[in-house]
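Enquirer: Please read through the structure below; I'll follow up with questions.
What follows is calculated from the coordinates using simple rules that are stated; it is not laboratory data. Note that the structure is a prediction, hence the values are computed from the model and not measured. Reconstructed Cβ throughout: ideal geometry from the backbone, glycine too, with neighbour counts over all protein chains shown.
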Amino acid sequence: MKQEDSLSPTQYQDRKRKTIEQLLPRVKSVALNLITTLPRNVELNDLVQEGVIALLQSFDRYDPSKGATFFTFSMKRVKGAMYDYLRKIDWLPRTTRQQVKTVERAMIELEGELGKLPSISEISDRTGMTVEEVETTLNEISRGQILHLDEHANMDEDEFIDFIPSKEDPPDEHLVRSELKMALHEEIRSLSERDQLILSLYYVEELTFKEIGSIVGVSESRISQLHTIIIAKLKQKLS
């Protein structure tokens, strides 16, 4: 954060400390939301630590003249730091990767045939996998989707997912991202009101699956499954 001329170094550090203390609960909330879809070997404290480091760095780098609030600016970087950490962990065995492809394909086929999002049992019948295997695979898909989306996406308050090219990107990369952004928004608008609500509550309002479930009227696990199927459908259409 650009130091104001009226602030002494001591006052600046005091403001920094107070701002960080106010946002620490939010950092933990972000980590808690992520940890619900991650394997047990991922430690909550590790995610929180990565987020706190990013929060500290955000304060010194924040420029209010850019238009974004400090909360928006810092939370994007907190999430980014956590996702960067998670990308370093390879938890998906080769056999599970094949199951992911099988379940994703079945979900898309069933959604087209049934005209609705398929249930776990319907996916199980189509794939020949057990209900437990389908649920485990859906969790793996959800983890990968969250990381993959964040790698390319920049969440804004006015849009579900906003693709922002950096100044370092070549011109053709700017065009690709712009076209992808438009296509993604079109596909999101074609979703049902419930599916759009789930995406909005998760990516814009940043609610947990449990909180979304209480709003929509279904269980936390069902929201997780719905999120997975919605994103798989979007990914398949954009492919």
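Enquirer: Give me the percent relative contact order of segment 9-87, please, defined on Cα pairs under 8 angstrom at least 6 residues apart.
Expert: 31
Enquirer: Go through 24, 35, 62 and say which Cα lies farthest out towards the positive end of the charge dipole of segment 9-87; charges sit on Cβ, +1 for Lys and Arg, -1 for Asp and Glu.
Expert: My answer, from the dipole projection, is 62.
Enquirer: At 37 °C and 0.692 mPa s, what whole-number value in µm²/s does Stokes-Einstein give for the translational diffusion of segment 9-87, with Rh from the Kirkwood sum over Cα pairs?
Expert: Details: Rh = 13.1 Å.
D, rounded to a whole number, is 251 µm²/s.
Enquirer: Here is a follow-up. Pick out, in residue order, every one of the trypsin sites (Lys or Arg not before Pro) in segment 14-111 that is DSSP loop and has at most 10 other C-beta atoms within 10 Å; say none if there are none. All intermediate terms of the calculation are to be shown ahead of the outcome.
Expert: Details: sites: 15, 16, 17, 18, 26, 28, 40, 61, 66, 76, 77, 79, 87, 88, 94, 97, 101, 105; in loops: 40, 88.
The qualifying sites are 40, 88.
Enquirer: Further, regarding this structure: Calculate I(q)/I(0) for segment 19-138 by the Debye formula, one identical point scatterer on each C-alpha and no solvent, and give its log10 at q = 0.09, 0.18, 0.20 Å⁻¹ to two decimals.
Expert: -0.40, -0.89, -0.98
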